[in-house]
Amino acid sequence: MILKEAMDEISRGIAEIIDREKIENLIKTYLQEGKEYSVKIGFDPTAADLHLGHTVLLQKIASFQKYGAKVQLLIGDFTAMIGDPTGKSETRKSLTREVVLENSKSYQEQVFKILDPEKTEVVFNSTWLDALGASGLVGLTTLFPVARMLERDDFEKRYKAGQSISISEFLYPLLQGYDSVELKSDIELGGTDQKFNLLMGRQLQRSYGTGKEQAILMMPILEGLDGVQKMSKSLGNFIGITEPAKDIYAKVLSISDELMWRYYELLSQKSLVDIAEFKENVANGTLHPKSAKENLALEITARFYDASIAQGAKEEFDNVFKSNLIPSDIKEFDIEDGVWICKALVDVGIEPSTSQARRDIKQGAVRIDQDKISDEKMNLSVGEYILQVGKRKFAKVRVK
RNA sequence: GGUGAGUUACUCAAGCGGCCAACGAGGGCAGACUGUAAAUCUGCUGACUAUGUCUUCGAAGGUUCGAAUCCUUCACUCACCA
């Protein structure tokens, strides 16, 4: 009974599972005998900020922690220096060791907003990969043929398209797989884009005769705010978990209706039954899609803050966009008398250049104290003004 | 190592001596319509107090009144050959 509950929770939203039976047995054994098992999850500390895309995986791991998982949080400090080629259409530049280590620190701080630190062990793969040495590395490479390596989707594409693939990129999956050998993981979690690498771990565990073959559970890749490409920092379509509450709220509300259901499925903790009901109600017109989205935004915001802060973010949002009020916490600047408006807009950081400012004024996108302006040559005289560009960029200036 | 092709703005991609701050597409920004949704329509999309000036077409030189366009060298990428 409890096992079924556990498996239902574990299965929610997943993309693919390899060796489901094994996972079920591990959980069953835990429930019966209290025996723990290890779950590996790898993070590449290439970006120091976690976003909602990462939390899809983290939440799944948190579920495992309820059912006897001892989590091996692997910081790929060694492999990050190579750079994972996954999903990249071009060679990725590698990071220096210092940057990697610095990133991994802030990673850990953020990860424990979701994971239970008591049941998590943080490990660095440089621990064993540094020690592997050239001979160990060569040994590892003999276990896998190039032709199989080229089967990997992105390698295949790049190879056919005549783009360069460096040898070090071949090493990446091997080393990541080798981590599983060292950690003797029972299960490894990752995104679907990691399938090849995850399977490599399973394969290598077998090749090295560890007596284990990790089960694999893959989560779908969360689309970013654009709803098309995967959420990532470099594409700028992300919601960071350390962002201010009002930004998280506003960003969730800006996603498309279609994407909202995806976020519900992967990020909300509401039951699937509830979500199906929302969906139906929206379809038959009894629930406005905006309301459904507001609920989602509140829930997600509250996860990283709390319910009252989330509510505050909502009110702030409604004030600004429904009632056209000015946000309460806009930045203030002191500016000298007689400053050219375009210059002022650049100085307070809501326009990138005076050229852009001119264009926006021409298009009626710039407002002073709520009134559209059209004279791009005007100067600001003494007083206090609210400058606004578009719908969401504000600044308060005091001209002296 | 040899031969050939290529390197253009955020991305893709035209241009191959002046009409080029550089066609087009995507993206982005802004406006209209809305629910800061989608779809759609429109404008903008190097910088500069600006009917002009300046810096951009891999890098550095050169030819020319004039170069993204021609020449030389260098760097990088790709293909075929070895």
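The values are calculated or read from the model by the stated rules, or taken from the named source; none is laboratory data. Treat the numbers as computed from the prediction; the structure is a model and nothing was measured. We place every Cβ from the backbone using ideal geometry, glycine too, and count neighbours over all the protein chains shown.
Please pick out the residue among A:PHE144, A:PHE155 that is in a helix (DSSP H, G or I), surrounded by 13 or more Cβ atoms within 10 Å (Cβ to Cβ), in the same structural domain as A:HIS54 (by TED's automatic domain parsing) and modelled with pLDDT under 90.
Answer to the selection: A:PHE155.
For the stretch A:211-230, give me each residue that is more than 9 Å from RNA strand B (Cβ to nearest atom) and modelled with pLDDT of 90 or more.
Those that are more than 9 Å from RNA strand B (Cβ to nearest atom) and modelled with pLDDT of 90 or more: A:GLU213, A:GLN214, A:ALA215, A:ILE216, A:LEU217, A:MET218, A:MET219, A:PRO220, A:ILE221, A:LEU222, A:GLU223, A:GLY224.
Looking at the stretch A:1-54 only, could you name the residues that are in a strand (DSSP E or B), closer than 25 Å to A:TYR178 by Cα and not aromatic (Phe, Trp, Tyr)?
Matches in the stretch A:1-54: A:GLU16, A:ILE17, A:ILE18, A:SER38, A:VAL39, A:LYS40, A:ILE41, A:GLY42.
Residue check: is A:GLY349 within 8 Å of RNA strand B (Cβ to nearest atom) and part of a loop (DSSP other than H, G, I, E, B)?
no
Strands (runs of 3 or more DSSP E) wholly in the stretch A:356-400 with at least 1 residues that are closer than 18 Å to A:PRO327 by Cβ and among the aromatic types (Phe, Trp, Tyr) - which ones?
Per the criteria, A:383-389, A:393-399.
Identify the residue in the stretch A:267-301 that is among the hydroxyl-bearing types (Ser, Thr, Tyr) and in a helix (DSSP H, G or I) and, among all such residues, is surrounded by the fewest Cβ atoms within 10 Å (Cβ to Cβ).
Among those that are among the hydroxyl-bearing types (Ser, Thr, Tyr) and in a helix (DSSP H, G or I), it is A:SER291.
Identify, from the list A:GLN176, A:GLN214, A:GLN229, A:GLN194, the residue that is surrounded by fewer than 24 Cβ atoms within 10 Å (Cβ to Cβ) and not basic (Lys, Arg).
From the options A:GLN176, A:GLN214, A:GLN229, A:GLN194, the qualifying one is A:GLN229.
Under the condition of being assigned to a loop (DSSP other than H, G, I, E, B) and small (Gly, Ala, Ser), which residue from the stretch A:232-254 is surrounded by the most Cβ atoms within 10 Å (Cβ to Cβ)?
That would be A:SER232.
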